[in-house]
Structures are given as C-alpha cells and as structure tokens.
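A.B. asks: Before we start, here is the structure in question, set down as structure tokens.
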Amino acid sequence: MEEYHKIHREILQWFSLNAREFPWRYDSPDSYHVLISEYMLQQTQTSRIAERFPIFLAQYPDINALSKANNQDMIIAWQGLGYNNRALRLRDCARTIVEEYGGNIPNEYADLVRLPGIGPYTASAILSFAHRKDIAVIDVNIRRIYSRMNGCSHPDDMSTKTVTDFAEKIFPRGNSSEWHQAMMDIGAQFCKANAVYCALCPLQDVCASAFQVMMKKNNTKKREPSHRDIPNRIWRGKTIEFLRHSNNYASDVAIVLHELIGNTIDDSDLVWFTKIIVPALQKDRLINHDVQTDVISLAHE
C-alpha cells in the first residue's frame, strides 16, 4: 500500500540494525528449524528456548530423526520447554510430515493446519519465515501492536476482523518475514502488555496510542483448578520433572507424592493425585500407571 511505504522502509531498516539474535533466525531459514522453534515458542520464554534449541537439534537434527522418537525420548528432550504434551504433538507432526509429505514441510496453509499442534498462527508463521510467502502473521505481540496503532490500548477492545483486515493491509509484500519478526521484536521490547516505552519505539510516529496507552488495572486472573493453592498444571509439570530424574524414569505414587508435598501428606492428597493428576497425565500420553504396583513412569508410546 502506497500510504505505508515510508513506515515499511523505516521498520525494515530498524530491523536490519536491531533484530534480536536467535539460533533459529537465518537469512535463508531452514524450514525444519522454523517448525521446531514455533512449537517451542508456544508459551515459553525466548531466552529459555535459545538455550535449549541447539541441544534439541543435536539430538534430533532432521524431521526423520524426530519422527522416530518415542514418547519418553520426547518428554526427556523437552525438559525446560514448558507443556510436555507439546513435545508429543511436535513428534506426531513430524511423523505425519514424513508419512504424508515425504519429509518435506508443507508450504500450503491448508496442509499445515491439518498437522498436529499447528493452528492459524503457526501455519502463517511457517509460511512467512520458512517459505518466504506473502502472508499476514498475527501473534499476541502483533495483535497488541496493531490494536494500539489503531488507538485501542487493549487488544481485546479491537475486533479480530478489524485486526486481521489491518494486518493484511499493512505488511509489505516481498518482506513478510522481516516485517513480522520486527513487529514481534517491537512487541517484546517496547510495546509490552503491561509496560510501554513509546519514546524508544520505531512506530511512535504512526501509532494512534503513542504516549497515551492506558494500562488495565486490577486484572484478576481466572481461577484455575488447584490443590493446596497451586494450579494442577504446575503439579503435573512437577510430576513429570520428578520422573525425568528418577531411576528408569519411574517411581511409586507414594514416593512421588511425598517428594511433591512433603511430610504433610494426608488421604485427600492421595485421592487428588490418583484421581486428578495421574489420569490427566495418562490422557496426555505422558505417563503410564501400573495399578498392580502403583508405579508411574514416563510413557514410551
């Protein structure tokens, strides 16, 4: 669009000088590396991924190697990378790519969104970053920036259609990858959810909210299922982490529970753990439970 030529030039120049350096960013990106990084970036800090990414690639250097990993291998390799079921979806995705696409990561949106763990954002990111296609990419950072550029301090105050229409209109054809990565860097550094640094932001001259973003106060989080005032998802993660470091990746339920809670265990803790935590981990294919011995272990398949 003619009206955006100037900001395109300025943002792309800014990005060329200030782009954050990550091990999955290349001038000629490897589509497999982009796929891995996008799964890892789902709800995990970039600093942690930057540390774990090379280690993961050393173990699974290509899509074929990844497709052959069993559940236990993936859970161990995913240490420090957030929700463990994402690791299994990534492996399932690799298997589908090998079986149905000959090991070639699809370059069509309809094919990508059929794969396990890939939704609209991840599909568009892979097309933009790996295949250099002209496509709008919208993650939480970009949605927040576009909303503020249009005068809405909070992303939820701007409809998804309006954000999508603006995203399609503003990104520069031929430079989708660089533009959207620049937006992500700006969102992470200057246009944050709970803090803004408009004086440093390269978008300040074209942002309707510049220097007047209103932060939401008393943003109470929705209460989630918990035990002893700790969310169940944290307990699930702690259980997997304990099994990662156990002999043969297995342990008695009673031992696990003691390690998690300590000497204050009572009957209600055991009921909660066996009725809530263990079945949830089994459902996610993360553990096996031998009811005869009451031993839980990291799942193989």
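The values are calculated or read from the model by the stated rules, or taken from the named source; none is laboratory data. Fair warning: this is a prediction, and the values are worked out from it, not measured in the lab. Cβ coordinates were reconstructed from backbone atoms using ideal geometry, including for glycine residues, and neighbour counts include every protein chain displayed.
A.B. asks: Within region 212-230, does at least one residue satisfy the condition of being without any contact (Cβ under 8 Å) to a residue 40 or more places away in the chain, on the phi < 0 side of the Ramachandran plot and surrounded by 14 or more Cβ atoms within 10 Å (Cβ to Cβ)?
C.D. replies: No: region 212-230 contains no residue that is without any contact (Cβ under 8 Å) to a residue 40 or more places away in the chain, on the phi < 0 side of the Ramachandran plot and surrounded by 14 or more Cβ atoms within 10 Å (Cβ to Cβ).
A.B. asks: From the residues in region 145-187 that are at pLDDT 95 or above and touching a Lys or Arg at 6+ places or on another chain (Cβ under 8 Å), which one is surrounded by the most Cβ atoms within 10 Å (Cβ to Cβ)?
C.D. replies: Among residues in region 145-187 that are at pLDDT 95 or above and touching a Lys or Arg at 6+ places or on another chain (Cβ under 8 Å), the one surrounded by the most Cβ atoms within 10 Å (Cβ to Cβ) is S177.
A.B. asks: Filter region 261-293 for residues that are surrounded by fewer than 14 Cβ atoms within 10 Å (Cβ to Cβ) and touching a strand residue (DSSP E or B) at 6+ places or on another chain (Cβ under 8 Å); which is farthest from R86 (Cα to Cα)?
C.D. replies: T293
A.B. asks: Has region 47-69 got at least one residue that is crowded, with 18+ Cβ neighbours inside 10 Å, free of Cβ contacts under 8 Å to residues at least 12 places away in the same chain and in contact with a helix residue (DSSP H, G or I) (Cβ under 9 Å, 6 or more places away or on another chain)?
C.D. replies: no
A.B. asks: Ok, one more. Let me spell it out: the conditions are (1) touching a Cys at 6+ places or on another chain (Cβ under 6 Å); (2) farther than 13 Å from S67 by Cα, and P116 meets all of them except one. Which number is the exception?
C.D. replies: The number of the failed condition is (2).
A.B. asks: Note down all Cβ pairs under 8 Å where the first residue falls in region 166-178 and is assigned to a helix (DSSP H, G or I), the second is of a type in the set (F, W, Y), and they're at least six residues apart or on different chains.
C.D. replies: If the second residue must be of a type in the set (F, W, Y), the pairs left are F166/Y146; A167/Y146; K169/Y4; I170/Y4; I170/Y146; S177/F129; E178/F15.
A.B. asks: On to the next question. Of these, Q72, Q42, Q59, which one is in the same structural domain as S124 (by TED's automatic domain parsing) and modelled with pLDDT under 95? It would help to see each step written out before you state the result.
C.D. replies: Working: Q72 fails: modelled with pLDDT under 95; Q59 fails: modelled with pLDDT under 95.
After ruling out the rest, the residue left standing is Q42.
A.B. asks: Right, next: Those residues that are more than 15 Å from the chain's Cα centre (by Cα) and either crowded, with 20+ Cβ neighbours inside 10 Å or acidic (D, E) (or both), I need them from region 116-134; list them, please.
C.D. replies: Of all residues in region 116-134, those more than 15 Å from the chain's Cα centre (by Cα) come to 127-134.
Across region 116-134, the qualifying residues are L127, S128, F129, A130, D134.
A.B. asks: A94: out of contact with any Pro (no Cβ under 8 Å at 6 or more places or on another chain), closer than 21 Å to I240 by Cα, small (G, A, S) and in the same structural domain as G117 (by TED's automatic domain parsing), yes or no?
C.D. replies: Details: out of contact with any Pro (no Cβ under 8 Å at 6 or more places or on another chain): yes; closer than 21 Å to I240 by Cα: no; small (G, A, S): yes; in the same structural domain as G117 (by TED's automatic domain parsing): yes.
No, not satisfied.
A.B. asks: Quick one: G117 ticks every box in (1) assigned by TED's automatic domain parsing to the domain that holds I11; (2) closer than 22 Å to Q43 by Cβ; (3) not in a helix (DSSP H, G or I) bar one, so which box is it?
C.D. replies: Here G117 meets the rest and fails (1).
A.B. asks: I want to confirm something. Restricting to region 26-46 and keeping residues that are among the aromatic types (F, W, Y) and either in contact (Cβ under 8 Å) with a residue 12 or more places away in the chain or in contact with a Pro (Cβ under 6 Å, 6 or more places away or on another chain) (or both), which single residue is nearest to D185 (Cα to Cα)?
C.D. replies: For region 26-46, the residue satisfying everything is Y39.
A.B. asks: Residues in region 261-295 that are modelled with pLDDT of 95 or more, outside any helix (DSSP H, G or I) and of a type in the set (S, T, Y): how many?
C.D. replies: Looking only at that region, the number is 1.
A.B. asks: Let me ask something else about it. Tell me which residues, restricted to region 238-260, are surrounded by fewer than 17 Cβ atoms within 10 Å (Cβ to Cβ), part of a helix (DSSP H, G or I) and touching a residue at least 40 places away in the same chain (Cβ under 8 Å).
C.D. replies: Matches in region 238-260: E241, R244, N248, A254.
A.B. asks: I would also like to ask the following. Answer yes or no: is there a residue in region 258-276 that is among the hydroxyl-bearing types (S, T, Y) and closer than 20 Å to N70 by Cβ.
C.D. replies: First, the residues of region 258-276 that are among the hydroxyl-bearing types (S, T, Y): 264, 268, 274.
Checking which are closer than 20 Å to N70 by Cβ leaves us with none.
Checked against the condition, which is being among the hydroxyl-bearing types (S, T, Y) and closer than 20 Å to N70 by Cβ, region 258-276 yields no hits at all.
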